[in-house]
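In what follows, a structure is listed as structure tokens, so that the remarks can point back to it.
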Amino acid sequence: MQRSLILLKPDCVQRRLIGEVLSRFEAKGLQIIGLKMLQVTPELSRKHYAEHVEKPFYQSLEDFITSAPVVAVALEGLEAIGVVREMLGATNGLKAAPGTLRGDFSSSRQMNLVHASDSEASAERELDLYFRSEELCDYSLCL
Ligand code: CMP
């Protein structure tokens, strides 16, 4: 089992696509074990996107990610990190394949709907940024 941190970004929230995105994850068999809406602060943005802080697009990314609420989702499932990233498609919505979330709902590199952890190390770090351990629920699947 793996856990992954997913962020439904401001464009996803503002376009009322929260339900659509969550239902795709649920339909795939991924389990939502944590869920919250919050406003990302510049400080949280700098921690979350630490690897991008020095990049030329960072300020624009921070302005975007702090512009409206996000929904943080903790997902659990077999190979969840890779499965979710496959479901998202390429970073740039214009290049993402049809059938992927970004391919179907985004035409932008920055406003690309959803963020997902890219490795076990980043999942652990990012889950810690958004959830306290007691906010993650452990429950069995009824299939
Ligand atoms: P995400 O998966 O959240 O990881 C980093 C984010 O930075 C990425 O999605 C995009 O929203 C954004 N991003 C990546 N590359 C660029 C770029 N060249 N210009 C603007 N935004 C970018």
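The values are calculated or read from the model by the stated rules, or taken from the named source; none is laboratory data. Remember, predicted model here, so these are calculated numbers, not experimental data. Because the Cβ atoms are built from the backbone with ideal geometry, glycine has one as well, and the counts that use them run over all protein chains shown. Ligands, DNA and RNA are stripped out before the accessible areas are found, and what is left, the full protein with its side chains, is counted by its heavy atoms. Shrake-Rupley method; radii C 1.70, N 1.55, O 1.52, S 1.80 Å.
Pairwise Cα separations in the stretch 1-40 fall into 5 Å bins from 0 onward with the following percentages, short to long: 5, 18, 33, 26, 14, 4, 0.
For the pair Glu51 and Ser140, the difference between a 0.36 nm per residue extended length and the Cα-Cα distance amounts to 28.5 nm.
Per-peptide packing, taken as the mean over residues of other Cβ atoms within 10 Å, places 6-13, 17-24 in the sequence 6-13, 17-24 from highest down. Computed from phi, the 3J(HN,Hα) profile of the stretch 51-58 under the Karplus parametrisation 6.51, -1.76, 1.60 (θ = phi - 60°) reads 6, 10, 4, 8, 7, x, 8, 4 Hz, with x in place of Gly and Pro. Each residue of the stretch 108-123 is assigned a 3J(HN,Hα), and the resulting list reads 9, 7, 8, 8, 10, 6, 9, 9, 9, 4, 9, 7, 5, 5, 6, 4 Hz, derived from the Karplus form 6.51 cos²θ - 1.76 cosθ + 1.60 (θ = phi - 60°), x at Gly and Pro. The largest-to-smallest principal axis extents of the Cα set in the chain are 45, 34, 26 Å.
Treating each Cα of the stretch 65-143 as one equal point scatterer and applying the Debye formula with no solvent, the log10 of I(q)/I(0) at q = 0.16, 0.22, 0.23, 0.26 Å⁻¹ comes out as -0.71, -1.12, -1.17, -1.26.
Using a/c under 1.5 as the rounded threshold, could you call the stretch 24-108 rounded, prolate or oblate? The axes a ≥ b ≥ c are square roots of the C-alpha gyration tensor eigenvalues, and prolate needs a/b larger than b/c, oblate otherwise.
It is oblate, given that a/c is not under 1.5 and a/b is not larger than b/c.
Of the GluC sites (Glu not before Pro) in the stretch 37-133, the ones in a loop by DSSP (not H, G, I, E or B) with at most 12 other beta carbons within 10 Å are Glu54, Glu79. With each label point set 7 Å from Cα along the Cα-Cβ vector, what nm distance links Ser60 and Leu38? With each label point 7 Å from Cα toward Cβ, the separation is 2.7 nm.
Contact order, relative form, for the chain: 36 percent (alpha carbon pairs under 8 Å, 6 or more residues apart, mean separation divided by residue count). What FRET efficiency comes out for the pair Glu120/Lys28, r = Cβ-Cβ distance, R0 = 30 Å, nearest 0.05? In this case the efficiency is close to 0.95.
Along the stretch 126-137 the Karplus relation, 6.51 cos²θ - 1.76 cosθ + 1.60 evaluated at θ = phi - 60°, assigns HN-Hα couplings of 6, 4, 5, 6, 10, 9, 7, 4, 6, 8, 9, 9 Hz to successive residues, with x for each Gly and Pro.
With the full set of protein chains in place, find how many percent of the accessible area of the chain is carbon and sulfur; take the probe as 1.4 Å.
52 percent
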